[in-house]
2 protein chains.
Amino acid sequence: MSRKRQATATDVARLAGVSQSAVSRAFTPGASIAEETRERVAEAARQLGYRPNAIARSLTTRRSRIIGVAASYLQNHFYPDVLEALSRGLQARGYQMLLFMPDAGRHADPQLQEVLAWRVDALILASTTLSSELADQCQAAGIPVLLFNRTSRGPSVSSVTGENERGGRLIAEFLVAGGHRRLGFLAGLENSSTSRDREKGFAGWLAENGHPPPLREVGLYQFEAASAAARRLLARPDRPDAIFCGNDHMATAVAEVARHEFGLRIPRDLSLVGFDDTGPARWPSFSLTSFSQPVQPMVDATVALVCEMIENPAAPTRHEVVRGELLVRGSARMPPEGCVSLGEQLVWRPVRDG
Amino acid sequence: MSRKRQATATDVARLAGVSQSAVSRAFTPGASIAEETRERVAEAARQLGYRPNAIARSLTTRRSRIIGVAASYLQNHFYPDVLEALSRGLQARGYQMLLFMPDAGRHADPQLQEVLAWRVDALILASTTLSSELADQCQAAGIPVLLFNRTSRGPSVSSVTGENERGGRLIAEFLVAGGHRRLGFLAGLENSSTSRDREKGFAGWLAENGHPPPLREVGLYQFEAASAAARRLLARPDRPDAIFCGNDHMATAVAEVARHEFGLRIPRDLSLVGFDDTGPARWPSFSLTSFSQPVQPMVDATVALVCEMIENPAAPTRHEVVRGELLVRGSARMPPEGCVSLGEQLVWRPVRDG
DNA sequence: GCTAGGGTTGCATGCGTATGCAAGAAGCCC
DNA sequence: GGGCTTCTTGCATACGCATGCAACCCTAGC
């Protein structure tokens, strides 16, 4: 037994005693059709269990109402949150989400080709690099591409990010204000713009203010790699007394290693600052001081921008930056001044002179 | 400027000097076509940047090679892991994943309708219920439906689950063997089969072995709700000295509350056991004793089963149960005997008599 | 040289829907 | 009542590809 044939618009038309066009119009908001006819069609459709075939519809309209979404690093709780918000946001605008998860490290291209075969209306790349060749290819085909939480070299691809560089600067300032002098930086993926920008802000502020560059290790945004990096960093004779971790996920790994393998107390022996403000990092056990990347605003910006790009593919590329705050919790020594309350949350807001 | 028209098979055919059918055959493995022709077509396709249009292809073949996937509760780290594995598994078999995330609690139906409009080849529902009406509708349309980590009332819908009831029994046995007598159970969602089955096993074993029923609270599988439930449970005068939490995600919430709000030490003052063996629960800070639901085997079974169902829609429904183990870590008092090493991991393997 | 047969190829059509166009219906005004 | 506008409706066609069928080519076999 092969699967039963689904009812088509023609079937419905026959039952309702109208033409197939009428059925199509009955399901097209704003189409020219008499109310009475629409009801007759609706009734017939109900009887037959008819649903318009999105595939056929897409073929004629040349708009799939599907958006390809690439995501990886789901171990970092930031991304599941993003996926969830993105799903709702796109659904609300009538888009479906074709999800693919490129193997971290390997090229996403073959899988991307499969997704492109579906003539997606747009592509959202969360946490994935794609070859610039492929980006151009999409651009040429007029497929809007949007980088989420990542930027590309050229100005060619639109993006939505947090304040990576500013966050890095504020964190440097915050730690120094807390009296720390032996700083460490735990980098994420070397080729990621987020890690680069955060480091740039962090190291940049230190350099500008006459501090030595921080010790540096690479954690690849992964728990295990970050744990290993933490071991190297904490085993040094000149062990840092404060570490800026490229994201919260790595920061929790560092906290685990510091406490359970080195017997350090946080923040007495070691101050930790993260980035993202997500997931377990907020739990009392970690109470991580972290620069926030608010998921909902970032996703809202993404959905709005992507819809705009679909409607006007010729629009210039844009780079949305969503504002964050350095949320002060308990994982890092608190500076004597500079923290202010924002609602129930303490944030770092140093008073600037001139 | 509207988006540029993508090259079609006809364009390629013209350039290659063949018919459109030939182009189609060139891209269809196993089709009858001369090697030389195929190469000529391939070259023309390359020049034009042609990719077969999956939408048109699906319309004629009547197979979309898309599988609808519903997921929710992504805060529970189990599900991101599942998504990741599922994505790879389906990709490897040439399927794309149309993801949608029903609002937790509410019915998935309206969104599901949108997904059905895409004539998905199958539907995988992870942690979501669908109305029986809709189930019938899918059944009638011959669309295979697979429940992941959940079962339905009747035997009508196939499923892949862990050993929920057996896990519950083993945990009861384990805690009692550890000397606990004041037990608590933290339920997940009341209407979820996982929570019901785990409780059934847990309470069932206790009853059969002459123990009073456990104290009971509901945590809805959510962090906040579980925290609140933990507060109620731990504030009681007859506070339990061991709690079986319906999953690891809730167990971490309980651990946080117990430690930071009640000053309890784990496992000295309170034993905790979870379910799933995922995410932060494995970290040293929690070191959660937990009954495992191994993601990869569960996903492998799911992918295999769903492919089978697609190839043979008339096949009888099946209920795959993937074996788990009670992994013994540090969050619960260890019984004097009954734990054995399995590789590097301690597991609960009581010797049964007769 | 002729035929059989296998391998290729193109033609024509169908998949299910959307939509431009023209025809028809209904109402309006003078 | 005629001419006009405003709504509805059906017809025909297009979207891009897959595929049954028939025509064709070429080689092998006799």
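The values are calculated or read from the model by the stated rules, or taken from the named source; none is laboratory data. Not measured: the values here are computed from a predicted model. FYI the Cβ positions are ideal-geometry reconstructions off the backbone, even for glycines, and counts take in every protein chain you see. With ligands, DNA and RNA removed, areas are computed over all heavy atoms of the protein, side chains included. Shrake-Rupley method; radii C 1.70, N 1.55, O 1.52, S 1.80 Å.
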Q) Which of (1) touching a His at 6+ places or on another chain (Cβ under 7 Å); (2) farther than 30 Å from residue B:278 by Cα is the odd one out, the single condition residue B:76 does not satisfy? A) (2)
Q: Grab the strands (runs of 3 or more DSSP E) fully contained in segment B:286-354, keeping just those with 1 or more residues being farther than 30 Å from residue B:260 by Cα.
A: B:319-322, B:339-342
Q.
Among the residues of segment B:8-32, what is the count of those that are at pLDDT below 90 and more than 10 Å from DNA strand C (Cβ to nearest atom)?
A. 2
**Q.** Members of segment A:1-22 found to be near DNA strand D (Cβ under 8 Å from one of its atoms) and either under 22 Å from residue B:116 (Cβ atoms) or within 14 Å of another protein chain (Cβ to nearest Cβ) (or both), listed by number
**A.** A:13, A:20
Q.
I'd like the residue in segment A:33-71 that is out of contact with any strand residue (DSSP E or B) (no Cβ under 8 Å at 6 or more places or on another chain), within 12 Å of DNA strand C (Cβ to nearest atom) and of a type in the set (Lys, Arg) and, out of all such residues, is farthest from residue B:67 (Cα to Cα).
A. A:62
Q: Mind listing just one residue for me: the one in segment B:72-87 that is open to solvent by less than 10 Å² (accessible area, probe 1.4 Å) and facing chain A (nearest Cβ under 7 Å) and, of those, farthest from residue A:117 (Cα to Cα)?
A: B:74
Q) Out of A:208, A:224, which single residue is of a type in the set (Asp, Glu) and within 24 Å of the chain's Cα centre (by Cα)? A) A:224
